[in-house]
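Enquirer: Dumping the structure here so I can ask a few things about it.
The values are calculated or read from the model by the stated rules, or taken from the named source; none is laboratory data. These numbers come from a predicted model, not from an experiment. Positions of Cβ are generated from backbone atoms using ideal geometry, with glycine treated the same way; all protein chains shown enter the neighbour counts.
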Amino acid sequence: MSGPPLVCVAALGASLAAAAPVGAQAPQKPEDVVRTENAVIELANAKRAVADEVAAGTRAGARALRKCKSRGPGWARIRAVRVPAQRNLYRRGAKKLWKDLNEVAGETAALDAYRKPFERFVARLDGRLADPVLQAGVDAWRGRIAYYEAATGFGTCRTFERRLKRVRQFKETVPADYLAGDIYQSMVRFVAGRRRGAAARYWGAGRQAALLSARTHLIALGGDPGYATFFAFGHSLRG
């Protein structure tokens, strides 16, 4: 997931949550800037309010995945492989897959908690900003939400077991090494592949550039740099 360091987003969120309504502080700012900054403050408050929900959801997802961390049909299939090199390869692949799915489960928990705040943020601004640069930033936000919907939600033991159904033993030959290696790669590349597919459809350099341009433009219009940065990176699922 792209975005600034965790500490940066979290610190911005904490400072924005304590801020007063922007409209009362800087009436001289353009209306689009005032609307954007008020929406940013609301989003920061909303993300802070659901922090416990994110933590609880993350714990629940991790707890559910522990059921297949070292046992289950997939692991039984790996242990049944009698060729040590193949068995060890599958074991490494399964561990990497499980670790990646655990990360996805955490992101899913964050999205579940942030979904409504994200949607309210976009709804407050979408189609209401006259400035095309700022509106393009809102459009990019919509794409980021769609990306998250496609790139999360599959961090489960069910996914883990499905990916391990391909595990099997091959005779010890050079072609068998390639076949086992292909199964291994299907495990270790699975999550990254899902994310790439989601990014290709809903996210990319153009939308990231739109957010960065909106940040720069907000500051040029007299907006607060901290608010502008949160507009560009407040979509982070990490805080």
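Enquirer: Would you say A210 is out of contact with any Cys (no Cβ under 8 Å at 6 or more places or on another chain), of a type in the set (A, V, I, L, M, F, W, C) and within 25 Å of A60 (Cα to Cα)?
Expert: For A210, the condition - out of contact with any Cys (no Cβ under 8 Å at 6 or more places or on another chain), of a type in the set (A, V, I, L, M, F, W, C) and within 25 Å of A60 (Cα to Cα) - is not met.
Enquirer: Name the single residue, out of those in the range 37-61 being in contact with a Phe, Trp or Tyr (Cβ under 9 Å, 6 or more places away or on another chain) and β-branched (V, I, T), that is nearest to G234 (Cα to Cα).
Expert: Taking the candidates together, the pick is V40.
Enquirer: Name, by its number, the condition in (1) outside any helix (DSSP H, G or I); (2) of a type outside the set (V, I, T); (3) under 16 Å from K96 (Cβ atoms) that does not hold for K171.
Expert: (3)
Enquirer: When you scan the range 64-82, how many residues do you find that are buried (at least 16 other Cβ atoms within 10 Å of the Cβ), farther than 12 Å from V167 by Cα and of a type in the set (A, V, I, L, M)?
Expert: Final tally of qualifying residues: 1.
Enquirer: Here's a follow-up. So, in the range 178-203, how many residues would count as being without any contact (Cβ under 8 Å) to a residue 40 or more places away in the chain and within 21 Å of the chain's Cα centre (by Cα)?
Expert: Number of matching residues: 4.
Enquirer: If you check A110 against the conditions, is it within 22 Å of the chain's Cα centre (by Cα) and surrounded by fewer than 16 Cβ atoms within 10 Å (Cβ to Cβ)?
Expert: So A110 fails the test.
Enquirer: Can you confirm whether the range 199-210 contains a residue that is surrounded by fewer than 15 Cβ atoms within 10 Å (Cβ to Cβ) and closer than 30 Å to A85 by Cβ?
Expert: No: zero hits.
Enquirer: The conditions are (1) modelled with pLDDT under 95; (2) small (G, A, S); (3) more than 27 Å from K29 (Cβ to Cβ), and G127 fails exactly one of them. Which is it?
Expert: Going through the list (1) modelled with pLDDT under 95; (2) small (G, A, S); (3) more than 27 Å from K29 (Cβ to Cβ), G127 breaks only (3).
Enquirer: So, of the residues in the range 128-168 that are in a loop (DSSP other than H, G, I, E, B) and over 18 Å from R215 (Cα atoms), which turns out to be farthest from the chain's Cα centre (by Cα)?
Expert: That would be R168.
Enquirer: Quick check on the range 195-239: of everything there that is among the charged types (D, E, K, R) and assigned to a loop (DSSP other than H, G, I, E, B), which residue is modelled with the highest pLDDT?
Expert: Ranking the qualifying residues of the range 195-239, first place goes to D224.
Enquirer: I'd like the residue in the range 145-177 that is among the polar types (S, T, N, Q) and in contact (Cβ under 8 Å) with a residue 24 or more places away in the chain and, out of all such residues, is surrounded by the fewest Cβ atoms within 10 Å (Cβ to Cβ).
Expert: Looking at residues that are among the polar types (S, T, N, Q) and in contact (Cβ under 8 Å) with a residue 24 or more places away in the chain, I get Q169.
Enquirer: Turning to a different aspect of this structure: Anything in the range 132-144 that is surrounded by 18 or more Cβ atoms within 10 Å (Cβ to Cβ) and either touching a Gly at 6+ places or on another chain (Cβ under 9 Å) or not charged (D, E, K, R) (or both)? List them, or say none.
Expert: Within the range 132-144, L134, Q135, A136, G137, V138, A140, W141, G143 meet the criteria.
Enquirer: Still on this structure: Hey, can you tell me all the residues within the range 56-74 that are over 22 Å from I183 (Cβ atoms) and either in contact with a strand residue (DSSP E or B) (Cβ under 6 Å, 6 or more places away or on another chain) or not basic (K, R) (or both)?
Expert: Across the range 56-74, the qualifying residues are A56, G57, T58, A60, G61, A62, A64.
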